[in-house]
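A short worksheet on the structure shown next.
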Amino acid sequence: MFNDSLHTMTLSDDGSYTAYSKEYDEHYHSTKDGALYESLVKHIYPAFQIKKHQKEIVILDICYGLGFNTLATLYYHKQNSLNAKLYIYSPELDKELVDSLIDFTYPKEFEEFRDIIVSLSKDGFYNDDFFHIELFLGDAREYIKRFNDKFDIVYQDAFSPSSNPTLWTRKYFSDIKKSAKNNAVITTYSISLPTRLALYENGFNLYLNSGENYRSATVASMQELKEFKKVDMEHKISCNPDVSSLRD
Ligand SMILES: C[S@@+](CC[C@H](N)C(=O)[O-])C[C@H]1O[C@@H](n2cnc3c(N)ncnc32)[C@H](O)[C@@H]1O
């Protein structure tokens, strides 16, 4: 059984299951956008719109949770017959959750990845010709300090800034910036001004990720991205003079 004292499986509006965390009093995904759909439109599509032509793509998936962002990345790779080798690194604090994912009811789109789901849950590792995936059971804040100039893509998908603030601070994003390449793309569902400001204060440009049937999201990069509409941060700050980024 996946359900335990801390997690309950919940059906989301696109027909895929997500979970509710009693500890954080939050769902792992937007139940309105749908777990699989949210993962695709807020993380995988915008990131791969920029990076899909590379031969190797190195991804930091913050945090593994139910594994949707990692698994939807594999799904996108197969659907689009990409030749790139993907390297995915994903920290996750909750070992019991990762252990229990063997029993999670995933969408049919992930059926072909059953062996990968089991390997990741049992060994925290998977490798073949196209996919190299490593889970890290521990604190993401410590984990990201191991890397320098490494990641092409960062999926920033922690619980909300109000319930898990340490993964949204100015210093946290400074460590993310060091861990990532200068032309990395960061995707997140958060459109809150303090989150965008924490990125902006580290030199990131902010872009709006909006589309049909999902709540708007954010893309960030040190580089100029012509594919997305830029957020005018100076204007936002002048309209909200008391705003500040979260601090450690
Ligand atoms: C919103 S969920 C991630 C959802 C995930 N991306 C998915 O697609 O299923 C946030 C996750 O962050 C984990 N977490 C919270 N604080 C953490 C930390 N400091 N380091 C690593 N993981 C953390 C929680 O256990 C939870 O699984």
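Among the listed residues 79, 54, identify the single one that is farther than 24 Å from residue 138 by Cα, touching a strand residue (DSSP E or B) at 6+ places or on another chain (Cβ under 7 Å) and not aliphatic (A, V, I, L, M). The match here is 54. For region 14-42, the tally of residues that are more than 10 Å from the ligand (Cβ to nearest atom), surrounded by fewer than 19 Cβ atoms within 10 Å (Cβ to Cβ) and free of Cβ contacts under 8 Å to residues at least 24 places away in the same chain stands at 3.
Considering each residue of region 100-114 in turn, none proves to be among the polar types (S, T, N, Q), under 17 Å from the mean Cα position of the chain (by Cα) and in a helix (DSSP H, G or I). Of all the listed residues (163, 192), the sole one being within 13 Å of the ligand (Cβ to nearest atom) and open to solvent by 30 Å² or more (accessible area, probe 1.4 Å) is 163.
Starting from residues that are in a loop (DSSP other than H, G, I, E, B) and open to solvent by less than 20 Å² (accessible area, probe 1.4 Å), keep the ones in region 125-159 and report whichever is farthest from the ligand (Cβ to nearest atom).
Applying the filter and picking the extreme gives 138.
The criterion of being of a type outside the set (S, T, N, Q) and either more than 15 Å from the ligand (Cβ to nearest atom) or open to solvent by less than 30 Å² (accessible area, probe 1.4 Å) (or both) does not hold for residue 93.
Please count how many residues of region 58-73 are open to solvent by less than 10 Å² (accessible area, probe 1.4 Å), more than 7 Å from the ligand (Cβ to nearest atom), under 19 Å from residue 85 (Cα atoms) and in contact with a strand residue (DSSP E or B) (Cβ under 7 Å, 6 or more places away or on another chain). Residues flagged as open to solvent by less than 10 Å² (accessible area, probe 1.4 Å), more than 7 Å from the ligand (Cβ to nearest atom), under 19 Å from residue 85 (Cα atoms) and in contact with a strand residue (DSSP E or B) (Cβ under 7 Å, 6 or more places away or on another chain) within region 58-73 amount to 4. For region 175-189, a tally of residues being outside any strand (DSSP E or B) and open to solvent by 30 Å² or more (accessible area, probe 1.4 Å) returns 3.
The values are calculated or read from the model by the stated rules, or taken from the named source; none is laboratory data. The structure displayed is predicted, hence computed values, not measured ones. Glycine also receives a Cβ, built like all others from the backbone with ideal geometry; neighbour counts cover every protein chain displayed. Heads up: the accessible areas ignore ligands, DNA and RNA and are worked out on the full protein's heavy atoms, side chains in. Shrake-Rupley method; radii C 1.70, N 1.55, O 1.52, S 1.80 Å.
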